[in-house]
Amino acid sequence: MRVAILADIHGNADALNAVLTDVKAQGAERLIVNGDVVNRGPDSVQVMETLLARGDVSFTLGNHDDLLRLWDARSPVLPADWYADPFWGATEWSAAQLAHAGLLDVPADWPMHLTLTHPGLPDVRVAHGTAEHYRECLSDRTAPARVRELASGDWGGAGVLVGSHIHRQAQARFGGVLVLNTGAVGTPAGGDPRAQYLLLTATPGGWVPEFRLVPYDQAGVLRRFATSGLLDTGLSARIFHDELLTSRSLYTPYWTWTEEAGLPRDEATWAAFLQRHSD
C-alpha cells in the first residue's frame, strides 16, 4: 500500500494540481490531507472544491482551516482587537471567499488526527501539529521527552508520527518511534519552490518514507494574488505573496519580532524587519 500525505496547501491551486498529478504517477492508493488547505493564497475555494470532488481523501484539521471559521464567527477565542486591525485583511478576504462559496464550515467535521493501519506494521498517527494541538510542531527538532509523551498519550501505540505545520520536510527516529514531517505543498520554506509532500509505502520491513519535491510554474498563482483582489487587502497578503516568491518563512519571524518588541504590524515595522532580515 502507498499513501500520499500532503498539507499546507494554503490556497495554491497550481501547486496542488502538480502534486495530485505526481501522486497519481506514484500509484498512491490513499490520500490524506493533513490540514491547512486554505488561507494565505488566492485559491482557497478552488483548492477546497478540487479535494472535495475526490472520493479518496481523508482530512485532518489545520490551524488555518479553523482560523477562518473562527474569524467569520468573530469568535472570542481570537483576540478581540484583531477584528479591527487592518493587518488581518487577507484573513477577512479568504473567510469571505469561502463563506460565499458555502465552504467555510466544511472543516468543522475534520478530526484533529487520524490513524493509519496496515496488517503487521506499526500504526501511523497523522496530525497537522500533534494529536493534542494543531499548532504544536513535530520534527527532527522535537524534544525526545516530548515524543515519548506523545507516544504514551493520544498517540499511544503508534510507531510512526506524521506532522506538518512547519513548512519543511523532516525525518528523525526517537527510540522506536519514527517522526516525519510532510513539508508544505503551497508555501514551502527553505528556499526551494517545489511543492512538498510525503509518500509512505507499506513493505514487509516496515513503513518506508519518501519525500517528494514537485516542480510547478508559480507564475499563475503569483499573478492571481493581484487579479483576485487579495493583494489589495494589505500587508499580510503582501507578506504571503513574498513568502511564495522567495520560498522563505517571513510571516512567522516578523510576527515573533513584533510580538516580542511590542511593535505594531504595519508598513514601518515591515520595512524595518526587511532591513534586519537582509543584514
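The values are calculated or read from the model by the stated rules, or taken from the named source; none is laboratory data. Note that this is a predicted model, so its numbers are computed, not measured. For neighbour counting, all protein chains shown are included, and Cβ atoms are generated from backbone atoms with ideal geometry for every residue, glycine included.
Quickly run through segment 111-125 and pick out the residues that are surrounded by 14 or more Cβ atoms within 10 Å (Cβ to Cβ), without any contact (Cβ under 8 Å) to a residue 60 or more places away in the chain and part of a loop (DSSP other than H, G, I, E, B).
The answer is 112, and nothing else.
Any residue in segment 46-57 that is at pLDDT 95 or above, part of a helix (DSSP H, G or I), surrounded by 21 or more Cβ atoms within 10 Å (Cβ to Cβ) and out of contact with any strand residue (DSSP E or B) (no Cβ under 9 Å at 6 or more places or on another chain)?
yes
Yes/no matrix, rows are residues, columns are (1) in contact with a Gly (Cβ under 7 Å, 6 or more places away or on another chain); (2) among the β-branched types (Val, Ile, Thr); (3) on the phi < 0 side of the Ramachandran plot:
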| site | (1), (2), (3) |
| --- | --- |
| 91 | no, yes, yes |
| 129 | yes, no, yes |
| 152 | no, no, yes |
| 171 | no, no, yes |
| 183 | no, no, no |
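Suppose the filter is exposed (fewer than 15 other Cβ atoms within 10 Å of the Cβ), in contact with a Phe, Trp or Tyr (Cβ under 6 Å, 6 or more places away or on another chain) and in contact (Cβ under 8 Å) with a residue 24 or more places away in the chain; does residue 86 pass it?
Working: exposed (fewer than 15 other Cβ atoms within 10 Å of the Cβ): yes; in contact with a Phe, Trp or Tyr (Cβ under 6 Å, 6 or more places away or on another chain): no; in contact (Cβ under 8 Å) with a residue 24 or more places away in the chain: yes.
When the stated conditions are applied, residue 86 does not pass them.
Could you tell me which of the residues 128, 64, 100 is free of Cβ contacts under 8 Å to residues at least 60 places away in the same chain and under 14 Å from the mean Cα position of the chain (by Cα)? Walk me through how you get there before you give the answer.
Values: 128 fails: free of Cβ contacts under 8 Å to residues at least 60 places away in the same chain; 100 fails: under 14 Å from the mean Cα position of the chain (by Cα).
Going through 128, 64, 100 in turn, just one is free of Cβ contacts under 8 Å to residues at least 60 places away in the same chain and under 14 Å from the mean Cα position of the chain (by Cα): 64.
Please work out if residue 41 is free of Cβ contacts under 8 Å to residues at least 24 places away in the same chain and either among the β-branched types (Val, Ile, Thr) or outside any helix (DSSP H, G or I) (or both).
no
Out of all the residues in segment 151-210, which are part of a strand (DSSP E or B), crowded, with 20+ Cβ neighbours inside 10 Å, touching a helix residue (DSSP H, G or I) at 6+ places or on another chain (Cβ under 9 Å) and small (Gly, Ala, Ser)?
158, 195
Has segment 151-160 got any residue that is under 18 Å from the mean Cα position of the chain (by Cα) and not acidic (Asp, Glu)? Steps first, please.
First, pick out the residues of segment 151-160 that are under 18 Å from the mean Cα position of the chain (by Cα): none.
So far as segment 151-160 goes, no, none of its residues is under 18 Å from the mean Cα position of the chain (by Cα) and not acidic (Asp, Glu).
Could we say that residue 146 is outside any loop (DSSP other than H, G, I, E, B), without any contact (Cβ under 8 Å) to a residue 24 or more places away in the chain and out of contact with any helix residue (DSSP H, G or I) (no Cβ under 7 Å at 6 or more places or on another chain) here? Give the derivation first.
Values: outside any loop (DSSP other than H, G, I, E, B): yes; without any contact (Cβ under 8 Å) to a residue 24 or more places away in the chain: yes; out of contact with any helix residue (DSSP H, G or I) (no Cβ under 7 Å at 6 or more places or on another chain): yes.
Answer is yes for this residue.
Just the residues that are charged (D, E, K, R) and touching a residue at least 40 places away in the same chain (Cβ under 8 Å), please, taken from segment 170-208.
Within segment 170-208, the subset charged (D, E, K, R) is 173, 192, 194.
Across segment 170-208, the qualifying residue is only 192.
Checking residue 80 against (1) touching a residue at least 24 places away in the same chain (Cβ under 8 Å); (2) over 30 Å from residue 161 (Cβ atoms), which test does it fail?
Of the numbered conditions (1) touching a residue at least 24 places away in the same chain (Cβ under 8 Å); (2) over 30 Å from residue 161 (Cβ atoms), the odd one out for residue 80 is (1).
Evaluate the following for residue 74: is it over 16 Å from the mean Cα position of the chain (by Cα), among the basic types (Lys, Arg) and not in a helix (DSSP H, G or I)?
On the way: over 16 Å from the mean Cα position of the chain (by Cα): yes; among the basic types (Lys, Arg): yes; not in a helix (DSSP H, G or I): yes.
Yes.
Give me a count of the residues in segment 1-22 that are in contact with a strand residue (DSSP E or B) (Cβ under 6 Å, 6 or more places away or on another chain) and buried (at least 21 other Cβ atoms within 10 Å of the Cβ).
The initial filter retains those residues of segment 1-22 that are in contact with a strand residue (DSSP E or B) (Cβ under 6 Å, 6 or more places away or on another chain), namely 1-7, 15, 18-19, 22.
From the residues that got through so far, the ones that are buried (at least 21 other Cβ atoms within 10 Å of the Cβ) too are 3-7, 15, 19.
Of the residues in segment 1-22, 7 are in contact with a strand residue (DSSP E or B) (Cβ under 6 Å, 6 or more places away or on another chain) and buried (at least 21 other Cβ atoms within 10 Å of the Cβ).
For segment 238-267, how many residues are more than 24 Å from residue 222 (Cα to Cα) and either in a helix (DSSP H, G or I) or polar (S, T, N, Q) (or both)? Explain how you work it out, then say what you get.
Within segment 238-267, the subset more than 24 Å from residue 222 (Cα to Cα) is 256-264.
Pick out the ones that are also either in a helix (DSSP H, G or I) or polar (S, T, N, Q) (or both) and you get 256-261.
Residues flagged as more than 24 Å from residue 222 (Cα to Cα) and either in a helix (DSSP H, G or I) or polar (S, T, N, Q) (or both) within segment 238-267 amount to 6.
Could you check how many residues of segment 258-279 are surrounded by 13 or more Cβ atoms within 10 Å (Cβ to Cβ), closer than 18 Å to residue 233 by Cα and among the aliphatic types (A, V, I, L, M)?
Going through segment 258-279 one residue at a time, the tally reaches 0.
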